[in-house]
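Here is the structure we will look at, set down as structure tokens.
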Amino acid sequence: MLRLLLVVQFSDTYFYPIMWGIGILLMILLIMSIIFQYRNGKKIRQELLELDKVRQDNIEYDLVLKAMKLATWHIDCQARTLTFDADFREGIDNYYTAVETSLDLLPDLLVPNDSQRVMSALENMISGRTMFYNQQYQAKGMTPGQIYWEQSFAMVADRDADGMPTKIVGASMRIDEQKHMETALINARNRAEESDRLKTAFLANMGHEIRTPLNAIVGFADLLPVVESDEDRQQLISEIQMNNHKLLQIIDGLVSMSKVEAEAKSLVRAQTDIVPILKEIADNCRTLVDGETVKIVTQFPYNELLVNTDADKLREAIDNLMQNAIKFTDHGTITLGFSLAEGDRVRISVADTGKGIAPEDQQRIFERFIKVDDYIPGTGLGLSVAKSHIESLGGKIGVESAINKGSTFWVDLSLM
């Protein structure tokens, strides 16, 4: 009985402290577990945030590439291979974007004029001589004969322990529109410079062109009062009238070009019989030639031909063609005629037996202020005015000529 009492007393003495100790230990472990889980959860959340940020950065990166229509690539300098990482250029099916393309094959993908320059720039980067690369070049597409303009940028991205490049990253974009715009601007600048030069020459020439008939008119007019012979007086009057006509032609050319540039004269279309108009032009031009060394001939297959056109513009255009033929024909004939062509069209032609026009000048003679022979009087505006009028009528104008064999200027117009 005493032994049992001592055991019970001993249990009461040590049981509660032990239980308290175990409870405190469990509490500590629980607190440590909570702290560990909190820290671990915070780390996981941080990793998730970083992963989301990387994913967001990739989306924005792809968006920039798409917006700029870029292709990104890298070069393994040791393996000498080029690999495209992403390609958002238009018409991607037309490009070579193979993985690990050997740099030795790259010249075959470029036009010969650019391949050596581009490869030299890449080799300078691979060898460590340069850090940046910026080249414009023409490349070949997948379709035979396809050529497109491209611009590429690159820089060294990684180096080995010796400082030699091991990786080059770059981007490429098509620049066809930019090149077309550059070409158009260069052509526009050249045309403006040429036009300015021609205008300067034109103004210098105008002084001579206007002064020549004016001097004749004033000089012959001063002689009229002192000339006693009726025959001599009539000769002077004829010379004055001829120079009056030359001066009027010069002024008419200037006025016509001013109207064309300012578009001051609108079209007045109507059903017009062109035969009387052509006969009138031929009759007027006969007074400008002697009728012996140079003759004006007409070839009209019909006595009437109705054309829906502006009579004044047509008359002025054909008259300028006839005036041009007269200036360059010193013997033979000048033939004014017309014929029907396919598609309800009429072709009006002015054929002469003059000196002819060189092939390289047959297009430029229709430009303003152009004179292929500076020794022949004129403003260089007549053919340009004729071309502007005919094109405003929806027609076409051209010339067929050979040196020393004459020229044939033609005008095609719709009958309707």
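Every number in this text was worked out from the coordinates using simple rules, so none of it is lab data. None of these values were measured; they are calculated from a predicted model. FYI the Cβ positions are ideal-geometry reconstructions off the backbone, even for glycines, and counts take in every protein chain you see.
Here the Karplus relation 6.51 cos²θ - 1.76 cosθ + 1.60, evaluated at θ = phi - 60°, turns the backbone of the stretch 309-317 into coupling constants of 8, 8, 4, 5, 5, 5, 4, 5, 5 Hz, with x for every Gly and Pro. Annotation: peptides 350-357, 160-167, ranked by per-residue average of other Cβ atoms within 10 Å with the highest first, follow the order 350-357, 160-167. Each residue of the stretch 299-307 was assigned a 3J(HN,Hα) from its phi angle through the Karplus expression (A = 6.51, B = -1.76, C = 1.60, θ = phi - 60°), giving 9, 10, x, 10, 7, 8, 8, 8, 9 Hz with x at Gly and Pro.
Per the Debye formula on identical point scatterers at the alpha carbon atoms of the stretch 139-179, with no solvent, log10 I(q)/I(0) at q = 0.15, 0.24, 0.25, 0.27 Å⁻¹ is -0.55, -0.80, -0.83, -0.89.
3J(HN,Hα) along the stretch 390-397, derived from phi through the Karplus expression 6.51 cos²θ - 1.76 cosθ + 1.60 where θ = phi - 60°, amounts to 5, 5, 5, 8, x, x, 10, 9 Hz, with x in place of Gly and Pro. Annotation: amide H of Leu415 within the under-5 Å range of Arg345, Val346, sequence separation 5 or more or interchain, hydrogens built in the peptide plane. For Gln135, the residues whose modelled amide H falls within less than 5 Å of its own, excluding neighbours fewer than 5 places apart on the same chain, are Ser152. A cut-off of 5 Å between modelled amide H atoms, ignoring neighbours fewer than 5 places along the same chain, links Arg368 with no other residue. Cross-linked pairs Lys327/Lys355; Lys140/Lys179; Lys199/Lys355; Lys279/Lys313: Cα-Cα separations exceed 21 Å for Lys199/Lys355.
Ellipsoid fit via the Cα gyration tensor, the stretch 217-367: semi-axes of 32, 20, 17 Å, each the root of five times an eigenvalue, largest first.
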